[in-house]
Every structure is written in structure tokens, then in C-alpha cells.
Amino acid sequence: MLLSKSLIAAAALLGMSTAAFAVPVSGQFSLGGFVQAVGSTNINAATGMNFANASGTSVTGTSGLLSNYGAGSGSFASLGACGNTAIGCGTIKNISSFASIGTISQFFTLSTANGSTVSFDLTSITNVSRPGSDAIGFLANGFINFSGFDRTAGLFSLSAQGNSITSFSATTLAAAATNVPEPTSMAILGGSVAVIGLIRRKKA
């Protein structure tokens, strides 16, 4: 009887562990707006980036506005698309220096029609490329925060070409992830298995 009750308890704990499996974000989407070089009038020689208004005019402060987003796949398909040069489709924070960048929480945040919250925490820039005399691009690592999903590792890539205030295009991609039980759930499961083993040994 004791063994039976222990097995039922272990099964319940196993069910809790299964429910705690991660639900990662999947897919990708594109976004765009306007940017101005920091440290130079030529985007190719930029040491950082200041983002502009959705219509392409410069702003003061620490962030600019996104002009558009869309073409989402996977988890992002439910967002639809946005294009608004008057009030923008979200905010994006300036990068003061590529050389000494730290974590930028909510590097960009989307304004969504369906009430979803989507933002990207930028943690590092792994590569800055300057493919032409008036072009620049970079790849950044970070985490995607999307309501209804677990915080998911992701990549953000941006490219811009031109001088003064120029348009940019970017893509956010959710890194491939597997459903892995949380450490706490694994500890619970391991503990329940150990208890069953001790009970069986005692009964024997």
C-alpha cells in the first residue's frame, strides 16, 4: 500500500515536471527604421548608432522609433505587420559604442495591435562588418521576451547603407532550442525516483 501511494505521488511529480518543460519562441521577423552614425558622418566609419524617428528625422535622447516590422514566421506569425512613419511601430535604443557595449535591456520593443509584448535584450555584439565605403552591419546575441513564451536566446542582425540619416533593415531570429526540463523539475523527479528505490529496498 505504501509503495502504491509512493508511486502515485511520483507520477504526480512527474506530471509537474512535464508541465514545466520550456515553451521557447520560434521563427523570425524583419524590422526597419532609420539610423545615424555616431563618430562620423559616414555610416561605414560609425563607432556607434543613434536611431531616428520613424519618418527619418533625428531625435534627441537615448532611443528612436521603428518604422515597420512584419514578415513574421513561427511564433511571430500572430503579430501580423506594422508600417507607420507617423507614430512608429515600436522603440529601439541607441548604441553609444560598438567597442564597449554592455547589456541593453529592451534594446527594441514592438508596439503590437494584438496586445502581445515583444522585446529583445541585447547582450553582446559579436561581429561588426563594413562591406563597402558607405555600408555597415552587425550581428548581436541576446534574448527574446514574448508574452506567452519562455525567454528565448535569439540573434539580431542589422545592415545599413548610406550617409547622414539612412534607413536600416534588420532580422530577429529565435535560436534553435529543445524542450529541456527546468533544473528544479529535474531535482524533484530525481528525488521521487530515489524515494521509490529506498521504499522498494526496505520492503525487500
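The values are calculated or read from the model by the stated rules, or taken from the named source; none is laboratory data. Everything numeric in this text was worked out from a predicted model, so none of it was measured. Here the Cβ is made from the backbone with ideal geometry for all residues, glycine too, and neighbour counts use every protein chain on show.
See the values below:
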item: Pairs, first modelled with pLDDT under 95 in region 10-34, second acidic (Asp, Glu) and surrounded by 14 or more Cβ atoms within 10 Å (Cβ to Cβ), C-beta under 8 Å, six or more apart; result: Ala22/Asp150; Val23/Asp150
item: Subset of region 38-62 (residues that are free of Cβ contacts under 8 Å to residues at least 40 places away in the same chain and surrounded by 18 or more Cβ atoms within 10 Å (Cβ to Cβ)); result: Asn53, Ala54
item: Asn44 vs. criteria out of contact with any helix residue (DSSP H, G or I) (no Cβ under 8 Å at 6 or more places or on another chain) and assigned to a loop (DSSP other than H, G, I, E, B); result: no
item: Residue among Ser129, Ser164, Ser169 that is out of contact with any His (no Cβ under 9 Å at 6 or more places or on another chain), under 19 Å from Gly32 (Cβ atoms) and surrounded by 15 or more Cβ atoms within 10 Å (Cβ to Cβ); result: Ser169
item: Inter-residue pairs, beta-carbon under 6 Å, first on the phi < 0 side of the Ramachandran plot and touching a residue at least 60 places away in the same chain (Cβ under 8 Å) and in region 124-146, second β-branched (Val, Ile, Thr) and part of a strand (DSSP E or B), 6+ apart; result: Arg130/Ile136; Ile144/Thr152; Phe146/Val118
item: Selection count, region 77-110, where residues are touching a residue at least 40 places away in the same chain (Cβ under 8 Å), part of a loop (DSSP other than H, G, I, E, B) and surrounded by fewer than 16 Cβ atoms within 10 Å (Cβ to Cβ); result: 2
item: Index of the failed condition, Asn68 passing every other in (1) under 18 Å from Gly154 (Cβ atoms); (2) modelled with pLDDT of 90 or more; result: (1)
